[in-house]
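In what follows, a single structure is set out as structure tokens and then discussed.
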Amino acid sequence: MFNRREFLEALSALGVTSVLAGCSDGNDHGSVLGEDVLAGPAATAFSSSLSRGTQMEIGGDADGDEELGVVAGKLPWDLEGHVLIVASVPTRADTPLLTGEGVVYRISFSEQGARIKTRIIRTDDWYVAQQVQGTADDFGILFDIAQFSPTYGARNLANTALLPIMNGRLLATYDMGRPIELDPRTLHPITPVGLQDSWRPSLDSGLFTMHFVTAHPAYDAKEQRVYAINYGLTPLAQFLRIMRWSGASEPEFLDVVDAQGKPVALSMLGHQMSITEHYVVILDGAFDVVGTTPPTQAPLYIVAKSSLTAGKPAVAKRIVIDRECTHFLADYNDAGDRVRLLLMHHNGTNTGSRLKEDDVGFRSGELIGGQFFRSGSDRNVVGRHEIHVPSGTVTSVLLSNDSTWGVGLWGQDPRSWDKLGTAFYQSFGFNPDYLPARDAQKYADYPFGANFAREVPLSMLPADIITPKLVHIDHEGMQDLQTYAFEQYTLASSPTFVPRKGRATDDDGYILVTVAGHKRDELWIFDATDLQRGPLCKLSHANLDFPFTLHSTWMPSLESHVPSYKVERAEDYGKRIDNLARDKQQLARDALQI
Ligand SMILES: [Fe+2]
């Protein structure tokens, strides 16, 4: 029977990174981090900066942009191309952190300097949401992660990740909505990918269905195709389908079953998948369902591309790796049927619930409710796992050191699509005052009898703050190549590799990170070959006010093109509008102009 609580608990955790929790709606705007460091465990101004962000757009409606000012250092002349970052900005003052409007920040580099454009991603449901604001049909918050209207259904917020695909095209993605193609020049949506009714829903109500989709589709540059997944997360809707899309016509959906021929049922979160030359790799990403034993494993489903044929389910091989995980990188080269993955294990970290107002720190016993920041109960692990697919054997090399406390987001040289290549990540560090006593108690017995040990016993957790880091990782030797330690309380995110103009070798470029601050928000530029030197340049703009930023990417150029594929709204929504109550139909037709 459908378990509503489980379903909603699932929704509440989607897309939440391992150290994020709580949402302050304060009006102060954090500190210029690294320059004006906040003192004390209750750095609430810092927290509030990250949970807000403006819907004010920079650069106008078309393809305009505005100059980014240098606030410290000097901007190197040889950065190349365009960084694109996505985030969720609050729809209203009470919008939870990751449940707001998708907004894209585009930073363009040339010898003349850096420029910025920001745009709200106006998905089809956005237009309806504008019309019903403040009415009984308004989209409310469905627990912490979805926006839902009983009349019109679920929003596709498109606020989680960006993926460059064939011919300079760009997708914006979300865990509970189909990918949206954006025009890289204007940042306006061109089309959703696939008819809505091609995506099997988990909640089918009103005009817009809620369908679970990976927030990390993968683009195969060799095949010139996009892969994604569509899955069910409730007992009534257990299925896993791989979507394959050429970019020119309707995508294909291909069923995946287990070795017994039953539909694969992800138990947690299909947030991340990836591809190699011959396989599709799907991670059952970890989150912590309230009231159950927290996860300790990273279940992977590996599907041979050669088995993806219409009308015949593909069989997935299930491989289980110790220590839970939400994000990973895959090496495209799978010679010898050996799939090599780099997993960011957030072992011992509660990802399933927000901090409560009465939460107190593990060490201090002081109130930390309302904080944005939350530390895990263990030092995290980066794992390189080589899976021999035919035999299912796994060879693992693990890295766990001062840099891996609170592992965060990846950055990669985007030119290295056919290999694992250069990899960077940022980590949030550890703050004993930000580990809730509730989590320490919940994870006291971690890993709950599993066949591995904690990295650090609970009783031996550091008494002092471990600072956030930016790390260039050597995944061959599994060691830090270079590390930059931020000041405490700095929250840098969205590390993005920017190639150096005219250079084609790995590593030779820059790393851009977002830094949310008290006086202003900034973009910091590091030399990728010399992280220890610190930021070479800090950029800002009078109207730059981002919340916690999520995934990012880099594109060499911005191409507008005549869409070779476009879902027509009348076909997409026409029948569903007809099924709405008569007095609700016209609003939908007007909003969608059909
Ligand atoms: Fe993600």
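Each reported figure results from applying straightforward, stated rules to the coordinates on display, with no laboratory input. Remember, it's a predicted structure, so these values are computed and weren't measured experimentally. When we count neighbours, we look across all protein chains shown, and the Cβ atoms used for this are built from the backbone with ideal geometry, even at glycine.
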Hull surface over four for the Cα convex hull of segment 59-125, reported in nm², is 6.1 nm²
Per the helix-only model, the chain has a calculated mean residue ellipticity at 222 nm (DSSP H runs of ≥4, -39500 (n - 2.57) each, divided over all residues, rounded to the nearest 500) of -2500 deg cm²/dmol
Given a Förster distance of 45 Å, the FRET efficiency implied by the Cβ-Cβ spacing of T393 and R92, rounded to the nearest 0.05, works out to 0.30
PRE zone check, label point 7 Å out along Cα-to-Cβ of T293, amide N under 13 Å, scope segment 445-463, hits 445-452
As straight-line cross-link partners of K312, the qualifying lysines (C-alpha separation under 30 Å, not fewer than 8 residues apart within one chain) are K222, K262, K566, K575
Listed by chain and number, the lysines with an alpha carbon less than 26 angstrom from that of K519, same-chain partners under 8 positions apart left out, are K74, K117, K469, K538
Here the tail fraction of P(r) beyond 24 Å, over all Cα-Cα pairs of segment 445-594, rounds in percent to 61 percent
P(r) over all Cα-Cα pairs of segment 119-238, 5 Å bins from 0 to the longest distance, whole percent per bin, short to long, reads 2, 11, 21, 23, 20, 13, 7, 3, 1, 0
Counting sequence-distant residues (5 or more places) and residues on other chains, those with an amide H built under 5 Å from that of F208 are G153, A154
Mean Cβ-within-10 Å packing, highest first, puts peptides 294-301, 493-500 in the order 493-500, 294-301
Proxy exposure order for F287, F253, F452, F208 (fewest C-beta within 10 Å first) is F452, F253, F287, F208
Between S364 and K312, the two model label points (7 Å from Cα along the beta-carbon direction) sit apart by a distance in nm of 6.2 nm
Toy charge model, Lys and Arg Cβ at +1, Asp and Glu Cβ at -1: the chain dipole around Cα centroid in debye, rounded to 20, equals 920 debye
Taking a crude spin-label model, label points 7 Å out from Cα along the C-beta direction, the E277 to Q112 distance in nm is 4.3 nm
For segment 276-353, inverting the pair-averaged 1/r of distinct alpha-carbon atoms gives a Kirkwood value in Å of 13.7 Å
Quick calc, Q131 & N543: beta-carbon distance into FRET formula, R0 25 Å, rounding 0.05, result 0.40
Cβ-Cβ cut-off under 14 Å around D418, Lys and Arg +1, Asp and Glu -1: the net charge is -3
Along the dipole axis of the chain (charges at Cβ: +1 for Lys and Arg, -1 for Asp and Glu; origin at the Cα centre), the most positive-end residue among H211, V103, V89 is H211
Per-residue Cβ contact counts at 10 Å, fewest first, order F328, F143 as F143, F328
In whole µm²/s, the translational diffusion coefficient that Stokes-Einstein assigns to segment 457-496, given a Kirkwood hydrodynamic radius over C-alpha pairs, 10 °C and 1.306 mPa s, equals 130 µm²/s
Placing one equal point scatterer on each C-alpha of the chain and summing with Debye, one gets log10 I(q)/I(0) at q = 0.06, 0.09, 0.12, 0.13 Å⁻¹ equal to -0.27, -0.65, -1.25, -1.52
Ordered by fewest other Cβ atoms within 10 Å, a rough proxy for footprinting exposure, C325, C537 read C537, C325
For segment 257-268, Karplus-derived ³J(HN,Hα) couplings (6.51, -1.76, 1.60; θ = phi - 60°; whole Hz; x for glycine and proline) come out as 10, 8, 5, 8, x, 8, x, 5, 10, 5, 9, 10
Taking a crude spin-label model, label points 7 Å out from Cα along the C-beta direction, the W77 to T54 distance in nm is 3.2 nm
Computed over segment 514-554, the distribution of all Cα-Cα distances in 10 Å bins, rounded to whole %, is 27, 48, 25, 0
